[in-house]
Structures are given as structure tokens and as C-alpha cells.
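Engineer: Have a look at this one.
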Amino acid sequence: MTPTPPTATASRWLRSGPARPEAAARLICFPHAGGSASYFGRWAEHLPGYEVHAVCYPGRAARLTEPPPTDLPALAADVAAELERLADRPLVLLGHSMGAVVAYETARLLEGRGVPVRHLYASGARAPQLARPDDGQDTSAMDDDAIADALLALGGTDAALLADPDFRELVLPYVCADFRMFDRYVHRPEPLLGCPVTAIAGDADPQVDAGHAAAWSAVTSGPFRHHTVPGGHFYLADRPPFGPLTAEVPGAD
């Protein structure tokens, strides 16, 4: 009997766009700290050459009743296990901010299991060996309000929403859990990735300068590219990086 190839069936780990059996690759999007899969909700409309999936972290949206993740490598391991069933076509991983590091750790696990990763896109993120900002902030010593203020400073959440007590009660637990999880992350220099890596960062990002982004070249033995684009830390809210992604899969625009 011929094995049935993996399909884009419903999953608590993935919010999937339209099934596209003709697509050349699957694009897996990893949200930022405090983010959810809905951040990439309309990307499939602009990338018809991909079958688009966004990772659903526990503790928010449809998984609100689950505890938020506390260990980044363990989170990556859970996502990698889910993605193995989608490996009948090339996997392209894209993560933004904290999501870039989760995508990176996921890519390392996939490659270690013999699952090819076609490309890793690191958006708005310091290279993992530089993941902690050098501004002296330590989220373990910050209360929830201080973490919310730090997120607002990056432009990640509307100030009016965070000013709403009901919204804060719902959202702050997983926002703060993500920040603290990321702060505990410790990078291991090996193994190197074998896939190409592209780093993309806004020219006005207060957290990620050109050097922080260029340092992603050290995590792969494969080709590396670095793009600087207009905008701040959340440049992709207004200018998603469809151009580089389209270049990866011709005909995806």
C-alpha cells in the first residue's frame, strides 16, 4: 500500500490557510512574544505560491485555557514534532522577534531528524547568541505592568487596548510568560543549521541594529542574506516581507 502523504489537517499547533496541494512549499510563521497566529492571518492571500501555516502558542486565542510555555527549546520541540507530518513538501520557516529564535530552534531539531528545511527567515530579531538585549532589563525583576510598558515601547500592542482592564487581565499572563521564557533562553552554539538563513530588520528598530541581525550568519553553514527595510521593530505590520519570500518560491507573488 502506498503511504498517504501528510496533509494540512486541523491542529491545535497550527492555524492553517487554504490547502494548496499545488504549492511549491509550506511557509510556517512563528509569532513574536505576546503574539498569536492571527498576526499572519492574511498572508496566504499575498503568497499563493505557499501553503501558509501560523504557529499557535499555548495560553492564548483558541488555546487560552492552556498554560503558556515556559521553556523555549521545549516549545520548539513540540512545534518540530507537529511539522514532521507536513514535510512531504519543503518547509520554509519565518519567525518574528522571539518567534525567530523559536523558528531557529525548531529548524535545528527538524534538520537533526533528517527533515529538510528549505529556508529560515529571521525577522526583527537579534541572532540567538545575542538574544538578550544589553540594556540591563531583566524581566525576572519586572512586574507585569513594566513588561507591558516594554512591549508598548516596541509598538507591539495598541496602547488603548492595554489600558483596558479586561484586556490586560486576559492578555498580560501570556505576554509576560513569553517575555520571561525568552529571557531564560540560553543559546547552544551547536549544531549549525545547514539551510539558508535570511535576516530582516527595520532601520529604526530600537532593539535590533544591523550588527545584531547580521550575526545570524554565524548560525548556519549555508548561505546567508541580510535585508534592512524601512520601519521599527514591527515593520512587518505595515510592510510584510513578501518580496524575499517570493524570491524563495518563484511565482508566489
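Engineer: What residue among 249, 228, 215 has its Cα farthest toward the positive end of the dipole of the range 160-253, where the charges are +1 on Lys, Arg and -1 on Asp, Glu, each on the Cβ?
Structural biologist: 215
Engineer: For the chain, just list the percent of Cα-Cα distances falling in each 5 Å bin from zero outward, please.
Structural biologist: 1, 6, 14, 19, 20, 18, 12, 6, 2, 1, 0, 0
Engineer: Note down the relative contact order for the range 19-98 as a percent, whole number, built from C-alpha pairs under 8 angstrom at least six residues apart. Display every interim value, and only then the final one.
Structural biologist: Details: 108 pairs, mean separation 33.7, N = 80.
Computed value for the range 19-98: 42 percent relative contact order.
Engineer: Give me the Kirkwood hydrodynamic radius of the range 1-114 in Å, from all C-alpha pairs, to one decimal place? Numbers along the way, then the final one.
Structural biologist: On the way: mean 1/r = 0.0701 Å⁻¹.
Across the range 1-114, the inverse of the average 1/r is 14.3 Å.
Engineer: For labels at residue 38 and residue 210 in the simple 7 Å Cα→Cβ model, what's the distance in nm?
Structural biologist: 3.8
Engineer: What do you get for the angle between helix 98-112 and the principal long axis of the chain? Use alpha-carbon atoms, 0 to 90 degrees, nearest ten.
Structural biologist: Between the helix axis and the principal axis of the chain, the angle is about 30 degrees.
Engineer: How compact is the range 179-243 by the rule of thumb for globular proteins, expressed as Cα Rg over 2.2 N^0.38 Å? Can you show the working numbers first?
Structural biologist: Values: Rg = 13.2 Å, N = 65, 2.2 N^0.38 = 10.7 Å.
This ratio for the range 179-243 stands at 1.23.
Engineer: On to the next question. Would you calculate a helix-derived [θ] at 222 nm for the chain, using -39,500 (n - 2.57) for each DSSP H run of n ≥ 4 and dividing by the full residue count, to the nearest 500?
Structural biologist: Working: 8 runs with 78 residues, N = 253.
Helix-only estimate at 222 nm: -9000 deg cm²/dmol.
Engineer: About its Cα centre, what dipole magnitude does the range 1-111 give when the only charges are +1 on Lys and Arg Cβ and -1 on Asp and Glu Cβ, stated in debye to the nearest 20? Intermediate values should be presented prior to the final figure.
Structural biologist: On the way: 10 positive and 11 negative charges, 55 e Å.
Using Cβ point charges on Lys, Arg, Asp and Glu, the range 1-111 gives about 260 debye.
Engineer: Right, something else. Size of the dipole of the chain about the Cα centre, Lys and Arg at +1 and Asp and Glu at -1 on the beta carbon, nothing else charged, in debye to 20? Please report the intermediate quantities before stating the final value.
Structural biologist: Numbers: 20 positive and 31 negative charges, 195 e Å.
Charge dipole, the chain, about its Cα centre: 940 debye, nearest 20.
Engineer: With a point put 7 Å past each Cα toward its Cβ, work out how far residue 152 is from residue 184 in nm, to one decimal.
Structural biologist: Calculated label separation equals 2.7 nm.
Engineer: Which shape class, rounded, prolate or oblate, goes with the range 209-253 when its Cα gyration tensor gives a ≥ b ≥ c as root eigenvalues, a/c under 1.5 marks rounded, and past that a/b bigger than b/c marks prolate?
Structural biologist: Numbers: a/c = 3.16, a/b = 1.12, b/c = 2.82.
Taking the square roots of the gyration eigenvalues as a ≥ b ≥ c, the range 209-253 is oblate.
Engineer: Can you sort 84, 22, 105, 248 by solvent-accessible area, 1.4 Å probe, largest first?
Structural biologist: Working: 84 75, 22 135, 105 5, 248 30 Å².
The most accessible residue leads, giving 22, 84, 248, 105.
Engineer: Given 237, 40, 116, which one lies farthest toward the positive end of the charge dipole of the chain, if we put +1 on the Cβ of every Lys and Arg and -1 on the Cβ of every Asp and Glu?
Structural biologist: Going by the Cα projections, it comes out as 116.
Engineer: Nearest 0.05, what FRET efficiency do residue 143 and residue 81 give at R0 = 35 Å with Cβ-Cβ as r? Please list the in-between numbers first.
Structural biologist: Working: r = 34 Å, r/R0 = 0.99.
Efficiency, rounded to the nearest 0.05: 0.50.
Engineer: Report the label-to-label distance for residue 247 and residue 218 in nanometres (one decimal), using points 7 Å from each Cα along the Cα→Cβ vector.
Structural biologist: It is 2.4 nm.
Engineer: Take every DSSP beta bridge with both residues inside the chain and express the antiparallel ones as a percent of the total, to the nearest 5.
Structural biologist: Numbers: 3 of 30 bridges.
Taking every DSSP beta bridge within the chain, about 10 percent pair in antiparallel fashion.
The values are calculated or read from the model by the stated rules, or taken from the named source; none is laboratory data. Source: prediction; values computed, not measured. Don't worry about glycine lacking a Cβ; one is built from the backbone with ideal geometry, like all the others, and counts go over all protein chains shown. Accessible surface is based on the protein model in full, side chains and every heavy atom, while ligands, DNA and RNA are left aside. Shrake-Rupley method; radii C 1.70, N 1.55, O 1.52, S 1.80 Å.
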